[in-house]
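One structure is given below, encoded as C-alpha cells.
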Amino acid sequence: MAADHISMALSLNGIPPGIGLAPHRSVPGAIAVRCEDDRVTGYFDDRAEAPPSTLYLIKQLELAVRALMDDALRPLGLTTLQYTALTVLERRSGLSSAQLARRSFLRPQTMNVMVQTLEERGLISRKRDPANRRVLVATLTEQGRNVLREAAPRVGEIEARLLGGMSARRGEEFRSTLGHGVSVLAQEAARRQIPESPGE
C-alpha cells in the first residue's frame, strides 16, 4: 500500500496526521504508528481490512470486462455497447429501437443514436413493422454478421481468460452462480416494481 493511502486510511480510523510510519518489527506486513517521541502506539495492518463485498467484486469484474472488450473490438470499429446490440439482433431479429434498448441495457435515447450509426455503417437495416407502420424494426445485414464472426474469437479469448485455471465443472458452476444471481435479483426488482435501469 502506498504511504499516502496508508495515511488516509489511518486518518479515517481516527489517527491524526503527522505521526510516524514504519514497518512493524513483530508483525510482518503491518505498519507501526509512532508518536513524536518514537513510542509505538499501535499499528495499522492492511491485511486486516474487511474483504470486499460480493457486489463490489461483480462491479470490478464488469469494469474489467468492459475495458478488455473495448480494447479487443476497437480494431473492428466497434464498442462493447454496439457489439452487445448486434448480438441481441443476432439472437432475435426484427426489434424496435425501444426493444433493442431494453435487451441491451441502454437508454432509448442512447440506442436511437447507436441504431443510426450502425445503419449508416451497413451493419443493420431497418424497415417498417408490418404490425405497426409507425415503428421501424432492425435486422442484421450480412456485413453485420461478418463483423460478429470477426469479433467472436476476440471476445472468446476474454472469456477463456476469465475462466482460465478453472476446471470445466468449476466453470459451469461459476456460470450457474452468475445466472442464479441475475435471476434472483431480477425477480426482486420485479417484486418491488422497480423499472429497468439501463447503465448508459
Region 51-131: C-alpha pair distances exceeding 22 Å, %
33
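So how do 149-159, 57-67, 185-195 stack up, highest first, on mean other-Cβ count within 10 Å? All intermediate terms of the calculation are to be shown ahead of the outcome.
On the way: 149-159: 13.6, 57-67: 12.0, 185-195: 9.4.
Taking the mean over residues of other Cβ atoms within 10 Å, the ranking is 149-159, 57-67, 185-195.
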What list of ³J(HN,Hα) couplings, whole Hz, do you get for region 179-195 from phi and the Karplus terms 6.51, -1.76, 1.60, once you set θ to phi - 60° and write x for glycine and proline?
x, 4, x, 4, 5, 5, 6, 5, 5, 5, 4, 5, 4, 7, 6, 8, x
Leaving ligands, DNA and RNA out of it, report the carbon-plus-sulfur percent of the accessible area of region 79-192 at a 1.4 Å probe.
51
Taking only protein heavy atoms into account and a 1.4 Å probe, give the accessible area per residue of region 40-186 in Å².
66
How far is the Cα center of region 59-96 from the Cα center of region 143-197, in Å?
12
For region 76-200, treating each Cα as an identical point scatterer without solvent, what Debye log10 I(q)/I(0) comes out at q = 0.12, 0.18, 0.22 1/Å?
-0.58, -1.07, -1.24
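The values are calculated or read from the model by the stated rules, or taken from the named source; none is laboratory data. Treat the numbers as computed from the prediction; the structure is a model and nothing was measured. Positions of Cβ are generated from backbone atoms using ideal geometry, with glycine treated the same way; all protein chains shown enter the neighbour counts. Side chains are part of the model used for accessible areas, which takes the heavy atoms of the whole protein and leaves out ligands, DNA and RNA. Shrake-Rupley method; radii C 1.70, N 1.55, O 1.52, S 1.80 Å.
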